[in-house]
Each structure stands twice: as structure tokens, then as C-alpha cells.
Amino acid sequence: MPDVCLYFQVHQPNRLLSYDFFKIGENAVYEDEAMNAEILSKVAEKCYLPANRMFQRLVEENDGRFRMALSISGTVIEQMQRYRPDVLESFQSLVATGSVELLAETYYHSLAFVHSNKEFDRQVEMHLQKLEEVFHIRPRVFRNTELIYNDAIAAKAETMGFDGVMAEGVQWNLDGHSPNFLYRAPTTARIKTLLRNIQLSDDLGFRFSDPAWPEYPLTAEKFARWLAACEGDVVNLFMDYEAIGEHQWADTGIFKFWEALPEAVDEAGLQWVTPSEAVELYRASREYLSGSVTSWADSERDLSAWMGNVMQQEAIEKVHRLEAEILAVNDPELTATWAKMQTSDHFYWMSTKGGTDGSVHTYFTPYPSPYDAYIYFMNVLADLQIRLRRAQEQQGLSV
Amino acid sequence: MNRLRVLKLGWEFPPLINGGLGIACLGLSRALAKLVDLTVLVPRSSPETDFKDFDLRGLNQLTLEKLKAAEGRYQYESFAQVRNVPVFLDPYADDGGGGISAIHSEPPADDEIAFSATTIKQLEAFKAGELYGPDLGGKVIDFSKVAAKLAMQEPFDVIHAHDWMTFLAGVEVKKATRKPLVVHVHALQYDRAGSTARGWIYDLEKYGMEEADCVIPVSRYTGDIITTHYGMNPKKIRPVHNGADPVEAFATKKKFPEKLVLFLGRLTSQKGPDFFLETAARVIAKNPHVRFVVAGTGEKLRPLIESGAFRGLGAHFHFTGFLDKEKVNDLLSMTDVYCMPSVSEPFGLSALEAAQFGIPAVISKQSGVAEVLKGALKADYWDTELMANHIHDLLTDDHLHARVAEQARLDITAATWDAAATKVMKIYEELIR
């Protein structure tokens, strides 16, 4: 019977103001602070605080047998430090139990890997430093933004010193094999790839609260039986933390389910492991080829959620094009402002997809339409460029 | 000599809709009111607005009581006229003819001007919904019926109808009263839908112009279209340029160092926003220190945003969405060059407004305002290369910039609504002579 490896993503973006043309050159504040503080607080009350309390209790009640991992983006850590230090303390307390592992990622939850190797390095390093400073932990497993992955990212993570890297277990790469094993990317020596079990993860992340789902209502016992019936070494359940209490409210019974799951898993004879424990315990069974980029977003499971239309492509390209000039000016505030604009959510909100995926994009967007998201973003970028030029002139840098 | 009495039929009217038609109707009405007794009949007026100089009546404001009261005052004349009119006034009656009201061959007793259920429904129609909603055709017909009935009640010498929505009403009133009809053309289906445009709106335009005693297009450009695409006799066509109400022009220092080129208008094919984008791409290729701003909204907004992104113009090509008058003026106050690449623009009032802000304009040859702004730089709307060269020249040659702006200032001093009203007055006098 396989082990069970659980990881939750914790992230909040910095949403931009409705930054119209008339603000360009005049308004150096880009973020809607009130909205960002309000959403953080709302999610904290519905998810972060009660879920942290619950998991801390579960860890204590199970004498450390229940284990899990969190990946907490740099942007949400900053938001908690700024608006809700109590929420950050709650995470610190959970991590201090020793049963909750942290993962490394890009500080700004960005698509930097796709656009700039150098910026990617910089952001991963920043995130490691932040985790060291806030949690006194150095992660051993890397997960890229939204599980964006290919062979090159695995190789890159290895050279950065990580033991494991996460990916979406997509059918076209698995080619009939099970995601419940560890894999090895080509041109890597020892790093292991952990693949998300899409079916079982999404049962908990999305379908749990859907009354039209034939398995509704799902009980912890039933789910533990499904896990026990799986082949392989480890079942990877990866999802957003906000699936507990925010995407699926408390009245769906989601908290009761999670409260009961550790014991049910225990009774089914299975063990919980963290990603780094899984990497330690099991060998990579075979090679996993991913020449093209995969992710856990939308039905395409590729980059189209952020780079599918021309608005997204232009916006993301224009941000990254500023890299050399921004870093040359070496103004910490300007650099941070620029880097926060790389957060993947900005591009996610510009998606014009329809259907089920489209409605997920719509659920998360703070703007009336993807076109507004694009216009405000580009106006902010125009203002940022003006500030950049002023800074360059002050420093006598050639333009 | 008694003042001439004019019945004007309009559609949109400020402050309810601030499209070009409403603004032009208001401007001309104010100036004409100095010369004639003017009654303006529109489908809808705002209850808060009262124009001192002329009588504005919105059908939405009318109550049956008011109609009856009006009837009482004008009973004799009305019915004296009605008596001479065959009962064709309700050619579209939807109640089987049984409800035809108000038109009797003999004066009714006392206050008995009975408006039918149909009329009441017609009046109700103007209190709700959109002026240009999906039932526009129905509104046009209802307006013509009610207007014709109302026209029975008050004396006037000339009917003056503005654009196709009121042409049917104008013709009905003309038939009912045998007064001369002037139709004023602010925009044509040709402008909106291209040279192959046909259909019921085109037919209505043509019918209105055929039945009219005189056609006033807002430019020679539009006059030529009326001759060539609607087959009207050029002798009946008397172009009168719009005026521009003076605005309080001011200058604002831009918050950014780049020059600003402005497009202002509805984002429809007719206004040529695609050509503006194309032009912008050409200018930016030569000179990246320019911002192009598209102010307005419409069906072309989203495709235009996507085209701009595709060409990578995003950080130079900005969209403001719909702006109110105050914001438009803010924008004008910081604009360096105004660009109007319309595919077909009967007039183009916004170019005059820009001129009042001392902004030189680059405008398409397919526009009426090109006849007024003699010094503006012109190009065919499709010639984005020339358009881009003009813009580039204005942005880089301060002397040229000043010269074009100065000529525009001279041109607009002559372009007043009083001048327009004087010309229209002359046409009236010829018609009733």
C-alpha cells in the first residue's frame, strides 16, 4: 500500500488599483492595499486560521504520524507581515510542530523560469532567505509556480541543490504509467520528480463540494479506502490550501472531512510522509520525459492560463524585458515593485478563456474583464518605465 | 413682420444623450431661437431641463391631460386643418383602425379629443427603454404618429426634421399640414455601414429626402454622398456646416515626458480606430517617445486592445474607455496632436473642439470638418503612411505645430452656430416665399 504525501499551496497576489490613463506619471502607488488587506483577512478567517488550528491539533493528536507540506509564496508572507502578523504567527506555530515541511518556490509566484534564468535564480534565492528568516527552515524540495514543470526545470532544481521537484502527473507524459511512483528527469543524476495524483487531488480540491458528483458526499473512510486501493509507493495529494474553507466553505463539511482523514488513513494501514521523506524513502522507478511545459492550471495543463492570448503574452514579455535596466538601477523599492508585477495572477486575470476554465479565471479576478486587467497592468507598466527613466537619469546611467 | 414659426423634430437631446446629433440639434436650436419661434419635439426630454429660448417637448413628459389642454387652446385651428386632411394619418395602426383617434372630419364636442389606447401605449413607449434599443423601428413609427397628431394642434410655418429617425414624422406632418419640410442630415447609413448599405434605414433616409423640399447636409462631403448614393437632385441640397459652442480651453502639463496623440470617438468601424492603430505603429517605429490614447468605447474596443497587444504597442497605446465631458477636456488640455481617421465622417465636431484647445489636427479627407479646418493636415483614411508622416511632422516640427494650430484658431472663429442659423434661416425664407 502506498504512503500518502500531502502538500498545500498558500499564496495571495498583490492586486493592482484600477489604474487608468490619468494616473500615469502621477500615481506611484499601484496596489490596491485596501483590497489586498481585505481579501487576506477574509481568506485568513475562512481558511488559514481555522485550517492551521485544525492541522496543528491533528499533528499533536497523532503523535507526529500525521505529516504534511506547505508552500508559502513570498508575496503572501509579505502581506501577512504587513496586514495580519497574527496569521503568520499561526503558520509559524504550525511549522514549529516539526511535522509540517516547507517547500521552495519563486518568491513572487512568477513565471520567471519561462522568461529569465537569472531572475528565476534571484527569486528562488529570495524565497529561501525569507523562509530562513521567518521559519528557520531550508527546504529540500522545490515546486515551481502552479506546478509549471519540464525537463529543464528538474535539471535546474538539481543544480540548485534540491532533492525533489514537483510536477503535474499528466497522462501524455505518464504514457499509461502511474503517478504514484517517484520519477527521474532526463539529464539529472539524483533529483526525484514527485507527480501530483490529479484524480485524487481534485476529488478533494474541487469535487468534494459538488452535489452532482456521484461520490457525493465523500467521507474520510471512503477516501482512505481509495488511497489503500492504489498501487505505487506514494500518492501525492497536492492542492490549494484555500480549498479548505475558502473555495469550499465550511458548510460543505470540508473541515470535518480533514479532521477525520488522518485517523481514517491510519486505520486503513497507510502512512503519511512529507515530500522530502518520500524522496528519501523511495527510488525513482523510471524516467519521466516532459519536453514541453506542463502545469496544474486549466484543462490544457500548460502555460495557456497565463500566456494563452496576445494581451497576456505582451504584458508578461514587457515586464521581463525591463529586467536588466531595473536591476542596473539597483533601487530596492523599484526592483520589488517590478518583481511583484511578475506574479502569475496578473496574467491569469487577462485570460479570455470560456467554459469551465474561464469561470475559474473569473472567480479569482478582481477586475470587470480581462481587458480591464490588461489596461490597468499596462498603464502601471508605463508609469514604472517613467520612474525607471527618472532613476536612470539621476544616476547618470545611459538610457 | 411676424416671426417665423418652426417645428423641429429631433431624436436625442442633451442632457439625456450626448451624442453628436443631440449636441448639434441643441447648438442649432439655441441659435435659431434668436431668429424664429421654435418648438422642438423629441421622444424624450429630461424633466429637469428647461431651455429658455425655445420650447422643448419630450413625448415622455406628455400626459393626456396636457394634450387635452393643448387641444382646448388650439381646437379650432387644429381641426380646421384636420378637416382638410384625408385619414391617412394612422397608416400603421395596429389596432385594426378602430382606435384611430383625434382625427375626425368634424370638430368633436367640447374637450373631446380622444386619444386612443394605441396613442397612450405609444406615449408610454417613450418613458422607458433605450432611445436606440432593439425596438428602434417601432419607436420611429410611434414617434411619427404621435408627432403628426401633435402637429395638428399648434400653428407653424416650417417643419425641420433631424436625421432619419424623424424623417417619417416629418413627412407625416408635412402631409397633414402641407407645410414645407426641411430634412437635416447629420449622418447617413452610408457612413455607418459603407457604400453598399441598403435596407429599411437607407430606404427611410431616401424617402425622407425625396419628400422634403430641401435637404441640409452638414457638409459638402455628405451632400455629395446624398447625390451619388441616394440619387437626390443636387439643386435641393444646401450644405450648412455645424458650429461649435465655445469651450473654456485650458492647458495642463502632462505628468509624463512623452508627446500625446489623441483619438476621441465611438469605437466603431466608421471612426477608423484600426487606422489609428496602424498609424500609431508607424509613428512609434520612428519615434518611441509618443503615447497614443484612444478615448471612447464601442464594439471595436476589445478587438483593438488585442490588435495593440499583438503589435506590442501596449505601453505606448492607451485606452481610457468612456470619458465624461470633464475628463475629455482634461485629456484635450494635455494633447499635442488630434487624429481623426474616420472612414466616413459627415462632420466631425470633435476636431473643432480640439482646435479650440489649440491642438493641430490630422484628419481624414473623408470628413466634413476638413472643409472647415482648412489648415489641418489631411490624408485619405486608408493612407496610414501619410497620416503617420503628418503626425510625426507635427510632433517634431514646432513651427509647423504652431502654424497649423493658429490656422485652426482662425477657422473656428467663423464656425459658429449663429452662422449656421443664418444660413438655415435663409433656406426657410426661400421655402415659404
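A compact table of results
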| quantity | calculated |
| --- | --- |
| Test: residue A:43 is β-branched (Val, Ile, Thr) and in contact with a Gly (Cβ under 9 Å, 6 or more places away or on another chain) | yes |
| Filter result (in contact with a strand residue (DSSP E or B) (Cβ under 9 Å, 6 or more places away or on another chain) and within 11 Å of chain A (Cβ to nearest Cβ)) within the stretch B:316-339 | B:316, B:317, B:318, B:319, B:320, B:321, B:323, B:327, B:331, B:334 |
| Any hit, the stretch B:241-254, residues being at pLDDT 95 or above, closer than 23 Å to residue B:189 by Cα and either among the charged types (D, E, K, R) or part of a strand (DSSP E or B) (or both) | no |
| Members of the stretch B:288-315 that are buried (at least 18 other Cβ atoms within 10 Å of the Cβ), closer than 23 Å to residue A:389 by Cα and facing chain A (nearest Cβ under 8 Å) | B:291, B:293, B:309, B:314, B:315 |
| Of the criteria (1) within 23 Å of residue B:144 (Cα to Cα); (2) modelled with pLDDT of 85 or more, which one residue B:46 fails | (2) |
| Conditions (1) modelled with pLDDT of 80 or more; (2) surrounded by fewer than 20 Cβ atoms within 10 Å (Cβ to Cβ); (3) at positive phi; number of the one not met by residue B:129 | (1) |
| So residue B:371, is it touching a helix residue (DSSP H, G or I) at 6+ places or on another chain (Cβ under 9 Å), surrounded by fewer than 23 Cβ atoms within 10 Å (Cβ to Cβ) and farther than 22 Å from residue B:260 by Cα | yes |
| Segments classed as helices (runs of 4 or more DSSP H), wholly inside the stretch A:138-247, with at least 3 members that are without any contact (Cβ under 8 Å) to a residue 40 or more places away in the chain, small (Gly, Ala, Ser) and touching a Lys or Arg at 6+ places or on another chain (Cβ under 6 Å) | none |
| Hey, residue B:364 surrounded by 21 or more Cβ atoms within 10 Å (Cβ to Cβ), in contact (Cβ under 8 Å) with a residue 12 or more places away in the chain, in the same structural domain as residue B:300 (by TED's automatic domain parsing) and in contact with a Phe, Trp or Tyr (Cβ under 7 Å, 6 or more places away or on another chain) or not | yes |
| Of the criteria (1) under 23 Å from the mean Cα position of the chain (by Cα); (2) modelled with pLDDT under 95; (3) not polar (S, T, N, Q), which one residue A:46 fails | (2) |
| Matching entry among B:369, B:362, B:343 (being more than 14 Å from chain A (Cβ to nearest Cβ) and in contact with a Cys (Cβ under 9 Å, 6 or more places away or on another chain)) | B:362 |
| Residues located in the stretch A:347-399, provided they are more than 13 Å from chain B (Cβ to nearest Cβ), closer than 22 Å to residue A:302 by Cα and in a helix (DSSP H, G or I) | A:348, A:355, A:356, A:357, A:358, A:359, A:360, A:361, A:362, A:363, A:364 |
| Breaking point among (1) farther than 29 Å from residue B:310 by Cα; (2) not assigned by TED's automatic domain parsing to the domain that holds residue A:141, for residue A:276 | (2) |
| Residue, surrounded by the most Cβ atoms within 10 Å (Cβ to Cβ), within the stretch B:1-13, restricted to residues that are at pLDDT 80 or above and part of a loop (DSSP other than H, G, I, E, B) | B:13 |
| Whichever residue in the stretch A:315-369 is of a type in the set (D, E, K, R) and without any contact (Cβ under 8 Å) to a residue 40 or more places away in the chain and, among such residues, is surrounded by the fewest Cβ atoms within 10 Å (Cβ to Cβ) | A:333 |
| Total residues in the stretch A:2-43, condition more than 20 Å from the chain's Cα centre (by Cα), outside any strand (DSSP E or B) and at negative phi | 19 |
| Any hit, the stretch B:17-36, residues being in a strand (DSSP E or B) and not charged (D, E, K, R) | no |
| Looking only at the stretch A:289-314, and only at residues there that are buried (at least 19 other Cβ atoms within 10 Å of the Cβ), away from chain B (no Cβ under 14 Å) and small (Gly, Ala, Ser), the one that is farthest from residue A:192 (Cα to Cα) | A:305 |
| Condition check for residue B:408: within 22 Å of residue B:28 (Cα to Cα) and surrounded by fewer than 18 Cβ atoms within 10 Å (Cβ to Cβ) | no |
| Conditions (1) at pLDDT 95 or above; (2) under 25 Å from residue A:216 (Cβ atoms): number failed by residue A:249 | (1) |
| Residues satisfying the stated conditions in the stretch B:207-240, i.e. assigned to a helix (DSSP H, G or I) and buried (at least 20 other Cβ atoms within 10 Å of the Cβ) | B:208, B:209, B:221, B:222, B:223, B:225, B:226 |
| Residue within the stretch B:261-272 that is closer than 30 Å to residue A:393 by Cβ, within 14 Å of another protein chain (Cβ to nearest Cβ) and among the aliphatic types (A, V, I, L, M) present | yes |
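The values are calculated or read from the model by the stated rules, or taken from the named source; none is laboratory data. As the structure is a computational prediction, the values presented were derived from the model and not from experiment. Ideal geometry is used to build each Cβ from the backbone, glycine not excepted, and the neighbour counts take in all protein chains shown.
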